[in-house]
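Here's the structure, in structure tokens; my notes come after.
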């Protein structure tokens, strides 16, 4: 299998150029073709010599993957389905014996909102974290996406040129694949890439502590934390990751960083009737997050099969929000988008994975 160019830096592309007999400055040219002109093939890189393109194409490919399906929600949300080939075992690299012959499928969701077009992007096929209320977590872990897999979600969709923001909130735990996600963020924000402001990028995590510190140190992008319950012993009931990385330790780390400027931190809180929507839970959130400049996003639970809890009523969610606001926390009730095409929070699974 030919190595993919998509996701590589200009320095890495320079080394490849020299390897195939092209001048070093061709690395910068290739970066322009990949990230600014977004070509699908090496043949389109017309300011490289024909001989150089032929030598490059013998060993490399652009590596952009096209979606195989798209669904449109009544609210304008679009869900794209991408095939990816992942290693059978974690730690195996692409191209090794043991790669799956049949692809897994991952999904990306484009959410329009007036002038904004936000892409909810996936970083893994499946997920290791096992949150019991999430369809992605239920299917288990199939492999990490590489940078080309992730960038294809940005470049190969119909709205590619119009995207204004992205959230790493799709399938998988981004910090469990931090090296590849870091590459993608670099492409998105570097002058030689898409040159986006870091303010246009939000990464969502359940709190993978070692990698979370790296993200906070190495990135200026926004952070969203999947919290869902302020009490560790209760959170563990639905989020096994609590055993490894306690929510109290996650919040303690976050409080060491400055979120009073342009960088923001938010906490995602899916509401379950009778499990985490009581005044006791609101007061627990107020205590846990006291002193932190942040926002709590309240999310209606989207029902999945064989799960015992239901979502709170609109009145219950509003009462919970008001209690947080009165206690000094900024809280909003997030509008559900794309539920009719299973594109809303917790519903992404990749339809072909389930057949």
*Looking at 293, 268, 249, which is the one that is touching a residue at least 24 places away in the same chain (Cβ under 8 Å) and in a strand (DSSP E or B)?*
268
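Table: residues versus (1) at pLDDT below 85; (2) in contact with a helix residue (DSSP H, G or I) (Cβ under 9 Å, 6 or more places away or on another chain); (3) at positive phi.
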site: 315; (1), (2), (3): no, no, no
site: 319; (1), (2), (3): no, yes, no
site: 325; (1), (2), (3): no, no, no
site: 328; (1), (2), (3): no, yes, yes
site: 339; (1), (2), (3): yes, no, no
*Given the structure, is residue 119 within 20 Å of residue 172 (Cβ to Cβ) and at pLDDT 95 or above?*
yes
*Within the stretch 303-326, can you find the residues that are surrounded by 17 or more Cβ atoms within 10 Å (Cβ to Cβ) and within 26 Å of residue 139 (Cα to Cα)?*
309, 311, 312
_Are there strands (runs of 3 or more DSSP E) fully within the stretch 105-173 with at least 3 residues that are on the phi < 0 side of the Ramachandran plot, in the same structural domain as residue 209 (by TED's automatic domain parsing) and touching a strand residue (DSSP E or B) at 6+ places or on another chain (Cβ under 9 Å)? List them._
116-120, 141-144, 165-168
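Kindly evaluate residue 63 against the criterion of being at positive phi and modelled with pLDDT of 90 or more.
On the way: at positive phi: yes; modelled with pLDDT of 90 or more: yes.
Yes, satisfied.
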*Residue check, residue 291 assigned by TED's automatic domain parsing to the domain that holds residue 228, out of contact with any strand residue (DSSP E or B) (no Cβ under 9 Å at 6 or more places or on another chain), at pLDDT 90 or above and surrounded by 13 or more Cβ atoms within 10 Å (Cβ to Cβ)*: no
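Quick check on this structure: which one of 79, 28 is over 27 Å from residue 115 (Cβ atoms), outside any loop (DSSP other than H, G, I, E, B) and touching a helix residue (DSSP H, G or I) at 6+ places or on another chain (Cβ under 6 Å)? Explain how you work it out, then say what you get.
On the way: 79 fails: over 27 Å from residue 115 (Cβ atoms).
Answer to the check: 28.
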*Looking at this structure, is residue 208 farther than 17 Å from residue 122 by Cβ and touching a residue at least 12 places away in the same chain (Cβ under 8 Å)?*
no
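The values are calculated or read from the model by the stated rules, or taken from the named source; none is laboratory data. All values derive from a computational prediction rather than experimental measurement. For neighbour counting, all protein chains shown are included, and Cβ atoms are generated from backbone atoms with ideal geometry for every residue, glycine included.
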